[in-house]
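Student: Please find one structure pasted underneath; my questions will follow.
Read-outs: derived from the displayed coordinates by stated rules, not from any lab. Quick caveat: nothing in here was measured; it's all calculated off a predicted structure. Glycine also receives a Cβ, built like all others from the backbone with ideal geometry; neighbour counts cover every protein chain displayed.
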Amino acid sequence: MNIILIGMNHKTAPVEIREQLSISCEENSSPLPEIMKIGSLKEVLYLSTCNRVEVLARVTDEGEAIDSLREFIFSLGNLPEEELGKCLYVYRDEEAVRHLFRVASSLDSMIMGEPQILGQVKDAYRQCVEHGASGIILNKLLHHAFRVAKRVRTETGIANNAVSVSFAAVELAKKIFGNLQGKTTLLIGAGEMSELAARHLVNHGVGRIIVANRTYERAVALANHFHGVPSGFEHLGERLQEADIVIGSTGAPGYVITKEMVAVALRRRRNRLMFFIDIAVPRDIDPAVGGIDNVYLYNIDDLQQTVDENIRERMKEAQKAEDIIDEEVLNFSAWHNTLEAVPTIRALRDKVEGIMKGELERAPAWMKNLADEERKEIEILISSVLNKVLHDPITGLKEETQEDGAKSYIAAIRRLFKLDEEKK
Amino acid sequence: MMDILFFKIALALYLLSTAGYILSLLVRRVQVAKISTWILFSAFLVQGISMVFRYVRMGHTPVIVMHDSLSFFVWAMTGTYLAFQLKTKTRVLGAFVSPVAFFIMMVASVGLGGDVALPEMLKGWLVPFHAVLSIAGEALFALACCAGAMYLIQDGFLKHRRLTAFSRLLPPLGDLDRISHVSLLWGFPLLTLGAIAGALWARTVWGSHWSWDPKQIWTLMAWLFYALVLHQRLAIGWSGRKAALLSIAALFLLLAALIGVNVFFTSAHRFFV
């Protein structure tokens, strides 16, 4: 195949090295023009995210290309060779294809199933096209990778379910209330954690935020941030009845919310469901609150447990994704194999002969009245015309096979004569 | 006898959608439930066609014989569920509704084909009016019960902080409670009007609105119980777990009135032997 992939990711390289590489990339926008100067590279894709730096290339000489690319990465990172060398991995042909598919499908990500990576691969491909660094093979390969990523996303549950504590809180809120539109959230304590959870909730439709904090100024500041309402601690009891979702994150040593407070609030709000999230340590909300009907209480450990469960679930789904990728790597190889000259020539001949036979069968009435011999003559005539027409392209193709350019000719012929669609 | 043919097709479709919903629970995919919803919808349509054919052939609204009333019950319940389905993301609730629909259709199919001539006293417009309203009300109550049962399951999962793949599949509590609430809210006036129509008719044939018939007494008890459930919901704001429990209990009382009385008591409300 002559496809290689060289690079490093969060599993092989420590963050100091990764950041060194990505910083140097930001400086000179894209290193693509630089990489393309390497002689044995025909097509190049350069992918750089905060967790990985990778070069995917179609090459004429594998050994030479790998050596030059290693050198290039060393110079880019400005780091000692032996340190960097240990972090690099190299994949060839099918393995390179598989790796690309895994990356695009987010199987190789730090948080498996996170969606950003596909966008980053798409950006890298756009750059590659803009710099004229893509050709027939990489175009096909990248589009194939996007398709694989989509298949993995829709056919497996790899991207389902929250894998962070604040997303888990949102997911639970949705399981309780259904729609979060028009719901009110009460933040008790104006810390960073509660702010993060509140932001997720607002992104998912929560309408109103009330912030209660011991120091009123902090409450005002955070409330302004969400266009919410600040409140002092002394009004907590009254505020509680307005809240559908309550997030506790104060540094208080004892319980801020007691069972009695919740019972009163629940009665006043006519038993509408309440969801309490206690992310404070030590806890803010009396665990007995969870025993009240129509009230759901989750503390930080419960949320973490949900997250762990979800991660395990994703791991299971990942196996299905690997199966899909195996299958797609085979598909890509099959396509790649059609780019050999011999099968293409055969397919072209078959197609033309098929057309001739078809037309003869549908021949007008007068031809049917001809003697067998005369009809034979006509058939010979037609096929010799066809052979003459095909002669030049076919010899041309055979000659090109000696050189590297053949693949694009073959691909062009397959496309112009629709040889691949024929099979389907 | 096109009505029988279409009834059989509908029965098969209910079986298919039930299997689909159960499969969706097993493989834990909402996608499968989506397909099952469409099958359920087609079952609803086919059954509707069957009822139209039956109306044309029999010449009266087909809700009076046991077979017809059960069939209409299923049709009303399925239709209401599908309407809710448009508004909320509660596809998986079908996993409760569809088997109930299929089971009752099976029971209804026992009376298939054996057409009984309508007694003279049951002719006239009041009887189908009474039957349609009462059965529609009961179908809504059955739906409230299904939603309530699913609510209790989901409540158990969320209360004990066990968010499994299964509980993820179940609809949100808020949606289930709303379905229960709206079903009760509409079912109650339907049943009430149905009972009034029945009482008016009773006056014309038995000479009195109320004759202390076991069927009447049980239905009145169920009606009072539903009035209580609705009162607790609307006036006191009972919702969620308690309300779900009540709507399940109320349906059992109603079922006792509908089926139990026919089996264990002699009732003037039995017109066919």
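Student: Could you state the per residue volume, in Å³, of the convex hull enclosing the Cα atoms of segment A:171-296?
Tutor: 92
Student: In whole Hz, what ³J(HN,Hα) sequence does segment A:126-141 give by Karplus (6.51, -1.76, 1.60; θ = phi - 60°), x for Gly and Pro?
Tutor: My calculation for segment A:126-141 gives 4, 4, 4, 5, 4, 8, x, 9, 9, x, 4, 6, 5, 4, 4, 4 Hz in order.
Student: At a 10 Å Cβ-Cβ cut-off, how would you order A:LEU186, B:LEU230, fewest neighbours first?
Tutor: Neighbour counts put them in this order, fewest first: B:LEU230, A:LEU186.
Student: Within segment B:124-143, find all residues whose amide N lies under 18 Å from a label point positioned 7 Å from the Cα of B:HIS209 along Cα-to-beta-carbon.
Tutor: B:126-127, B:130-131, B:134
Student: Express in nm, to one decimal, how much length is gained between A:ILE311 and A:LYS368 on full extension, taking 0.36 nm for each residue of separation and deducting their alpha carbon distance.
Tutor: 13.3 nm
Student: Further question on the same structure: Can you say what percent of the DSSP beta bridges in chain A, counting only those with both residues inside, are antiparallel? Round to 5. Working shown, then result.
Tutor: Details: 20 of 43 bridges.
Around 45 percent of the beta bridges assigned by DSSP in chain A are antiparallel ones.
Student: Would you report the distance distribution of C-alpha pairs in segment B:119-273 as whole percents per 5 angstrom bin, up to the bin with the largest distance?
Tutor: For segment B:119-273, the binned pair fractions read 2, 9, 17, 19, 16, 12, 9, 7, 5, 3, 1, 1, 0 percent.
Student: While we're looking at this one, here's another question. Using only the alpha carbon atoms of segment A:265-404, find the Kirkwood hydrodynamic radius as the inverse mean reciprocal pair distance, in angstroms to one decimal. Provide the component values of the computation, followed by the final result.
Tutor: On the way: mean 1/r = 0.0426 Å⁻¹.
Radius from the Kirkwood sum: 23.5 Å.
Student: What lysines does A:LYS150 reach when the alpha-carbon gap must be under 25 Å and sequence neighbours fewer than 8 apart in one chain are set aside?
Tutor: A:LYS11, A:LYS122, A:LYS140, A:LYS316, A:LYS320, A:LYS423, A:LYS424, B:LYS34, B:LYS89
Student: Next up: Pick from A:ILE137, A:ILE292, A:ILE277: which residue has the top mean-square fluctuation in a GNM of chain A where Cα pairs under 10 Å get a spring?
Tutor: So, out of A:ILE137, A:ILE292, A:ILE277, the one fluctuating most is A:ILE292.
Student: Let me ask something else. With +1 on the Cβ of every Lys and Arg and -1 on the Cβ of every Asp and Glu, and nothing else charged, how large is the dipole of the protein assembly as shown about its Cα centre, in debye rounded to the nearest 20?
Tutor: That gives the protein assembly as shown a dipole magnitude of about 3460 debye.
Student: For segment B:201-221 and segment A:342-373, what is the centre-to-centre distance using only Cα atoms, to the nearest Å?
Tutor: 86
Student: Please compute the average number of Cβ atoms from other chains found within 10 Å of each residue's Cβ in peptide A:306-314.
Tutor: 2
Student: Could you list, bin by bin from short to long, the percent of Cα-Cα pairs of segment A:3-159 in 5 Å steps?
Tutor: Result, from short to long distances: 2, 9, 20, 23, 22, 15, 6, 2, 0 percent.
Student: How long are the semi-axes of the equivalent ellipsoid of segment A:323-385, taking √(5λ) for every eigenvalue λ of the Cα gyration tensor, in whole Å from largest down?
Tutor: Its equivalent ellipsoid spans semi-axes of 41, 13, 6 Å.
Student: What are the aspartates and glutamates whose alpha-carbon lies under 17 Å from the alpha-carbon of B:LYS242, with same-chain residues fewer than 8 places away excluded?
Tutor: A:ASP293, B:ASP155, B:ASP175, B:ASP177
Student: Another one. What's the extension gain from A:ASP293 to A:LYS351 if we count 0.36 nm per residue and subtract their Cα-Cα distance?
Tutor: Separation in residues times 0.36 nm, less the Cα-Cα distance, equals 13.6 nm.
Student: Could you go through segment B:31-40 in sequence order and give the Karplus-derived ³J(HN,Hα) for each residue, using 6.51 cos²θ - 1.76 cosθ + 1.60 with θ = phi - 60°, rounded to whole Hz, and x for Gly and Pro?
Tutor: Residue by residue, segment B:31-40 yields 3, 5, 5, 4, 4, 4, 4, 5, 5, 4 Hz.
Student: Right, here's the next one. In nm², what is the average projected area of the convex hull enclosing the Cα atoms of segment A:207-260?
Tutor: Numbers: hull surface 15.7 nm².
With the hull built on Cα positions only, its mean projection is 3.9 nm².
Student: Kindly provide the helix-only [θ] at 222 nm of the protein assembly as shown, computed as the sum of -39,500 (n - 2.57) over DSSP H runs of four or more divided by all residues, to the nearest 500 deg cm²/dmol?
Tutor: -21500 deg cm²/dmol
Student: Hey, got the Cα dimensions of chain B along the principal axes, in Å, largest first?
Tutor: Principal axes ranked by extent give 59, 47, 31 Å for the Cα atoms.
Student: In peptide A:172-179, how many Cβ atoms from other protein chains are near each Cβ within 10 Å, on average? Working shown, then result.
Tutor: Details: counts 3, 2, 3, 11, 6, 5, 11, 6.
Per residue, the average neighbour count from other chains is 6.
Student: Same structure again: Under a Cβ-only charge scheme (Lys and Arg +1, Asp and Glu -1), can you give me the dipole magnitude of chain B about the Cα centre, in debye to the nearest 20?
Tutor: Here chain B has a charge dipole of around 1020 debye.
Student: Among the GluC sites (Glu not before Pro) in segment A:353-413, which ones are in a DSSP loop with at most 12 other Cβ atoms within 10 Å of the Cβ? Mind listing them? Spell out each step's value before the answer.
Tutor: Numbers: sites: A:GLU353, A:GLU359, A:GLU361, A:GLU373, A:GLU374, A:GLU377, A:GLU379, A:GLU399, A:GLU400, A:GLU403; in loops: A:GLU403.
Loop-located and lightly packed - A:GLU403.
Student: Putting +1 on Lys and Arg Cβ atoms and -1 on Asp and Glu Cβ atoms, find which of A:GLY207, A:ILE277, A:THR250 reaches farthest to the positive end of the dipole of segment A:165-306.
Tutor: Final value for the positive-end residue is A:GLY207.
Student: Dipole of segment B:1-112, Cα-centred, from +1 at each Lys and Arg C-beta and -1 at each Asp and Glu C-beta, to the nearest 20 debye?
Tutor: With Lys and Arg at +1 and Asp and Glu at -1, about 460 debye.
Student: In peptide A:288-297, what is the residue-averaged number of other protein chain Cβ atoms found within 10 Å of each Cβ? List each step's numbers first, then the result.
Tutor: On the way: counts 0, 0, 3, 1, 0, 7, 10, 2, 5, 2.
Per residue, the number of nearby Cβ atoms from other chains is 3 on average.
Student: What length, rounded to one decimal in nm, is gained on full extension from B:TRP125 through to B:ALA235, with 0.36 nm per residue of separation minus their alpha-carbon distance?
Tutor: Full extension from B:TRP125 to B:ALA235 adds 36.0 nm.
Student: For the protein assembly as shown, report the translational diffusion coefficient in µm²/s to the nearest whole number, using Stokes-Einstein at 20 °C, 1.002 mPa s, and a Kirkwood Rh over Cα pairs.
Tutor: 68
Student: Would you give the gap between the C-alpha center of segment A:262-283 and the C-alpha center of segment A:130-182, rounded to a whole Å?
Tutor: If we compute the Cα centre of each part, the gap is 34 Å.
Student: Once Lys and Arg get +1 and Asp and Glu get -1 on their Cβ, which of A:PHE233, A:ALA197, A:ILE117 lies farthest toward the positive end of the dipole of the protein assembly as shown?
Tutor: A:PHE233
Student: Further, regarding this structure: Would you work out which of B:GLY194, B:SER208, B:MET77 lies farthest towards the positive end of the dipole of chain B? Charges go on Cβ: Lys and Arg +1, Asp and Glu -1.
Tutor: Selected residue: B:MET77.
Student: Distance between Cα centroids, segment A:186-211 to segment B:2-39: provide it in whole Å.
Tutor: The two parts, judged by their Cα centres, are 42 Å apart.
Student: Run the paramagnetic zone check for B:LEU220: 7 angstrom along Cα to Cβ, then residues of segment B:229-261 with backbone nitrogen under 17 Å.
Tutor: B:254, B:257-258, B:261
Student: How much of the calculated P(r) for segment A:1-90 lies past 19 Å, in percent of all Cα pairs?
Tutor: 32
Student: When the scattering of segment B:1-112 is computed by the Debye formula from its Cα atoms alone, each counted once and equally, what is log10 I(q)/I(0) at q = 0.17 Å⁻¹?
Tutor: Ignoring solvent entirely, the Cα scatterers give -0.73.
Student: Next up: Modelled label-to-label distance, A:MET110 and B:MET1, 7 Å Cα→beta-carbon offset: nm?
Tutor: 7.1
Student: Compute the helix-to-body angle for B:241-255: its Cα long axis versus the longest principal axis of chain B, expressed 0 to 90° and rounded to tens.
Tutor: The answer is roughly 30 degrees.
Student: Test of understanding: in a Gaussian network model of chain A with alpha carbons linked when under 10 Å, which of A:ALA65, A:ALA371, A:ALA406 would top the mean-square fluctuation ranking?
Tutor: Result: A:ALA371 has the largest fluctuation of those listed.
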